[in-house]
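**Q** Take this structure first; my questions come after.
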Amino acid sequence: MTSAALPPPSPAGASECLALTRTLRRRGTVVLSVFALVWAFAGASGTGPADGAVPLATEAVAVLLTVAALFLGLRKGAAPSPRTVNLPANWARGVGIINGLEVLAIFAVIAAANASGRPGLVPVGIALVVGLHFFPLARLYDQGQYRWTAALLCAVAVAGLLLYAAGGADTTVRVVVGLGAAVVLWVSAFHLALRG
């Protein structure tokens, strides 16, 4: 059987779209909040010794923000999403491919930055990769707000690159990029939790 003989993939069914719409807030809030927490801890690591007051306070605030976003997104009384998503054909496969490419690109960034003797560029490169991966996810999940998430994460990466190029310390770059990315992801998580 040739590929021409295969029927074209059909768009996601109405029941599939409705099911994803119902869980979109929960999934998105959890994923965005957890990764915001990871970025915040990475940023906090550049603020001083691990047992210092600033890193510990930063981490405590990060945990509180994450818990608040999760509570809002997972609460039973949360209003349903205001619209039903319109998923493209093979959306789940597309998400898997995009996420797989993201992971490979992150490993490539880490390897290239370390091989070139510029480990301070690791958070910059990772923020850029994560930001870029949100552009196709916006279409695949039918979540337009992921476009501004993508744009803001890319802007955080550019700010980190400019800081690095200006001679900023690796720890300063890590703070700016880590906390900047965390804020973007928390804002996205709160948006999903409250507006769907």
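**Q** Can you tell me which residues in the range 38-95 are assigned to a helix (DSSP H, G or I), small (Gly, Ala, Ser) and either more than 29 Å from Gly178 (Cβ to Cβ) or touching a helix residue (DSSP H, G or I) at 6+ places or on another chain (Cβ under 9 Å) (or both)?
**A** Correct list: Ala40, Ala42, Gly43, Ala44, Ala57, Ala62, Ala68, Ala69, Gly73, Ala92, Gly94.
**Q** Still on this structure, I have one more. Could you grab me the full set of residues in the range 171-193 that are among the small types (Gly, Ala, Ser), farther than 13 Å from Leu128 by Cα and within 11 Å of the chain's Cα centre (by Cα)?
**A** Ala182, Ser188, Ala189
**Q** Which pairs have Cβ atoms under 6 Å, sit 6 or more apart or on different chains, and link a residue in the range 130-141 that is among the small types (Gly, Ala, Ser) and part of a helix (DSSP H, G or I) to one that is modelled with pLDDT of 95 or more and surrounded by fewer than 20 Cβ atoms within 10 Å (Cβ to Cβ)?
**A** So the pair list comes out as Gly131/Cys154; Ala138/Arg147.
**Q** Where the second residue is part of a helix (DSSP H, G or I) and at pLDDT below 75 and the first is closer than 12 Å to Ala189 by Cβ and lies in the range 20-33, which pairs have Cβ atoms under 9 Å and are six or more apart or on separate chains?
**A** Arg27/Leu20
One line per residue, one yes/no per condition, for (1) surrounded by fewer than 17 Cβ atoms within 10 Å (Cβ to Cβ); (2) not hydroxyl-bearing (Ser, Thr, Tyr):
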| position | (1), (2) |
| --- | --- |
| Ala89 | yes, yes |
| Val95 | yes, yes |
| Asn99 | yes, yes |
| Ala112 | yes, yes |
| Ser116 | yes, no |
| Leu121 | no, yes |
| His133 | no, yes |
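**Q** Exactly one of (1) aromatic (Phe, Trp, Tyr); (2) modelled with pLDDT of 95 or more; (3) more than 23 Å from Gly131 (Cα to Cα) is unmet by Phe71. Its number?
**A** (2)
**Q** Here's a follow-up. Taking Val103, is it closer than 18 Å to Val187 by Cα and either in a loop (DSSP other than H, G, I, E, B) or at pLDDT 95 or above (or both)?
**A** Considered against the rule, which asks whether it is closer than 18 Å to Val187 by Cα and either in a loop (DSSP other than H, G, I, E, B) or at pLDDT 95 or above (or both), Val103 comes out as no.
**Q** Only one of (1) surrounded by fewer than 17 Cβ atoms within 10 Å (Cβ to Cβ); (2) without any contact (Cβ under 8 Å) to a residue 24 or more places away in the chain; (3) within 28 Å of Glu59 (Cα to Cα) is not met by Leu163, so which one is it?
**A** (1)
The values are calculated or read from the model by the stated rules, or taken from the named source; none is laboratory data. Note that the structure is predicted; figures quoted are calculated from it, not measured. Glycine also receives a Cβ, built like all others from the backbone with ideal geometry; neighbour counts cover every protein chain displayed.
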